1. So if R0 is 30 Å, what FRET efficiency would residue 25 and residue 45 give, r being the distance between their Cβ atoms, rounded to the nearest 0.05?
2. In a GNM of the chain with a 10 Å cut-off on Cα contacts, which of 59, 70, 37 has the highest mean-square fluctuation?
3. Quick one: Karplus J couplings for segment 6-21, per residue in order, coefficients 6.51, -1.76, 1.60, θ = phi - 60°, nearest Hz, x for Gly and Pro?
4. Please determine, in degrees from 0 to 90 and to the nearest 10, the orientation of helix 41-60 with respect to the longest principal axis defined by the Cα atoms of the chain, where the helix direction is its Cα long axis.
5. Can you work out the FRET efficiency for the pair residue 82 and residue 11, with r the C-beta to C-beta distance and R0 = 41 Å, to the nearest 0.05?
6. Mind checking which of 28, 14, 45 is farthest towards the positive end of the chain's charge dipole, using Cβ charges of +1 (Lys, Arg) and -1 (Asp, Glu) about the Cα centre?
7. Using the 10 angstrom Cβ neighbour count as an exposure proxy, how do 79, 65 rank, fewest first?
Amino acid sequence: MANHKSALKRVRQTETRNERNRYQHKTTRNAVRDLRASTDKKAAAKLLPEVSSMLDKLAKTSVIHKNKAANLKSSLTKHVASLK
């Protein structure tokens, strides 16, 4: 266990950040899943910018890799475009 004040603070900060990252990552994964499952083009087109923004934020904070975010956004855009 950490003994210095600064090390104890780092432990607290890390726990807080891990919790926040886990929540945001799970929320984004659920949004991606919902978008992939949607069959209504109008609803999917409305949801796409929100999901893209979530992915960009995760990539910016290095929760996911920037190329993974780009690949997900690309595949989701293709999915929305293919809907009728």
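Each reported figure results from applying straightforward, stated rules to the coordinates on display, with no laboratory input. Predicted, not measured: the structure shown is a model, and the values here were computed from it. No Cβ is skipped: glycine too gets one built from the backbone with ideal geometry, and neighbour counts run over all protein chains shown.
1. E between residue 25 and residue 45, to the nearest 0.05, is 0.80.
2. 37
3. 5, 5, 5, 5, 5, 4, 5, 4, 5, 4, 4, 5, 4, 5, 5, 4
4. For helix 41-60, the angle is close to 30 degrees.
5. On the way: r = 47 Å, r/R0 = 1.15.
Plugging the Cβ-Cβ distance into 1/(1 + (r/R0)^6) gives 0.30.
6. Projecting each Cα onto the dipole axis, the largest value belongs to 14.
7. Numbers: 79 15, 65 11.
Final ranking by Cβ density, sparse to dense: 65, 79.
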